[in-house]
Amino acid sequence: MWRIWKVFDPRRILIATALWLIIISLTIHVILMTTERFNWLQGAPAAEYYSEVVEDGAALSPRLV
């Protein structure tokens with residue numbers, strides 16, 4: 001495994017990995033914020049959706065294992 005670092009520069013790999021994770025996380029957040037169901041900043045429709053489920057009683061039935 002140590003030989004791979006002779007081929008690739010560790011600093012560039014770490015920077016590239018960090019940038020990739022930032023790009024992926026921002027992309028996921030943008031996708032979620034553009035959907036009506038998962039946009040938690042404008043009106044909290046997800047909380048309203050789950051409150052409707054609880055009012056129906058389906059979410060209140062305990063599951064005995």
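The values are calculated or read from the model by the stated rules, or taken from the named source; none is laboratory data. None of these values were measured; they are calculated from a predicted model. Every residue, glycine among them, receives a Cβ derived from its backbone with ideal geometry; neighbour counts consider all protein chains shown.
Considering only residues that are in contact with a Phe, Trp or Tyr (Cβ under 9 Å, 6 or more places away or on another chain) and either charged (D, E, K, R) or at pLDDT below 85 (or both), which ones fall in segment 18-65?
Kept after step one, since they are in contact with a Phe, Trp or Tyr (Cβ under 9 Å, 6 or more places away or on another chain), are these residues of segment 18-65: 31-33, 37, 45-47, 59.
Those that are in contact with a Phe, Trp or Tyr (Cβ under 9 Å, 6 or more places away or on another chain) and either charged (D, E, K, R) or at pLDDT below 85 (or both): ARG37, PRO45, ALA46, ALA47, ALA59.
Surrounded by 11 or more Cβ atoms within 10 Å (Cβ to Cβ), modelled with pLDDT of 85 or more and among the aliphatic types (A, V, I, L, M), is that true of ILE13?
Working: surrounded by 11 or more Cβ atoms within 10 Å (Cβ to Cβ): yes; modelled with pLDDT of 85 or more: yes; among the aliphatic types (A, V, I, L, M): yes.
For ILE13, the condition - surrounded by 11 or more Cβ atoms within 10 Å (Cβ to Cβ), modelled with pLDDT of 85 or more and among the aliphatic types (A, V, I, L, M) - is met.
Based on what the data block shows, is MET33 without any contact (Cβ under 8 Å) to a residue 60 or more places away in the chain and outside any helix (DSSP H, G or I)?
On the way: without any contact (Cβ under 8 Å) to a residue 60 or more places away in the chain: yes; outside any helix (DSSP H, G or I): no.
Here the answer is no, as MET33 does not meet what is asked.
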